[in-house]
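Heads up, the thing below is written out as structure tokens.
The values are calculated or read from the model by the stated rules, or taken from the named source; none is laboratory data. Every value quoted in this text rests on a predicted model; they were computed, and no experiment measured them. Virtual Cβ from ideal backbone geometry, glycine too; neighbours counted across all protein chains shown. These accessible areas exclude ligands, DNA and RNA; they are computed on the full protein's heavy atoms, side chains included. Shrake-Rupley method; radii C 1.70, N 1.55, O 1.52, S 1.80 Å.
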Amino acid sequence: MSKTLKLFLLIAACLAALIWCTGGTGLRMEQQNKLHVVKAGQTIWGIATEYMPQQNKTRDIRELIYDIGKANKLHNYQIQPGQQLVIPLMVEIKENEI
């Protein structure tokens, strides 16, 4: 058996053991919707920046901006003061919350 194949099998076995030891579940995510009323001068980018700390830290702000536009059926991401927006946040569910 070649050294490369032995190394590959060793790495694969270690990964399998790691997955088995952790239960193989990974992160459990849930969407939580927040309601936001647009104020004068606000932009989608600014609103998304406001809500970024409340969600999964691995998520990119551009994903949140896209999801806000999709959830509210925004054309060209144009918003008006007084408009109510649904802010779809992806948050991690802790094991003890399940």
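Structure notes:
- Point-charge dipole on Cβ atoms (K/R +1, D/E -1) for the chain, about Cα centre, debye to 20: 260
- Semi-axis lengths, Å, the chain, gyration tensor of Cα atoms, sqrt of 5 times eigenvalues: 42, 16, 9
- Counting only protein heavy atoms and a probe of 1.4 Å, the accessible surface of region 59-98 is 48% carbon and sulfur.
- Adding -39500 (n - 2.57) for every DSSP H run of four residues or longer, then dividing by how many residues the chain holds, sets the calculated 222 nm ellipticity at -12500 deg cm²/dmol.
- For the chain, the longest principal axis of the alpha carbon atoms and the long axis of helix 61-71 meet at an angle near 60°.
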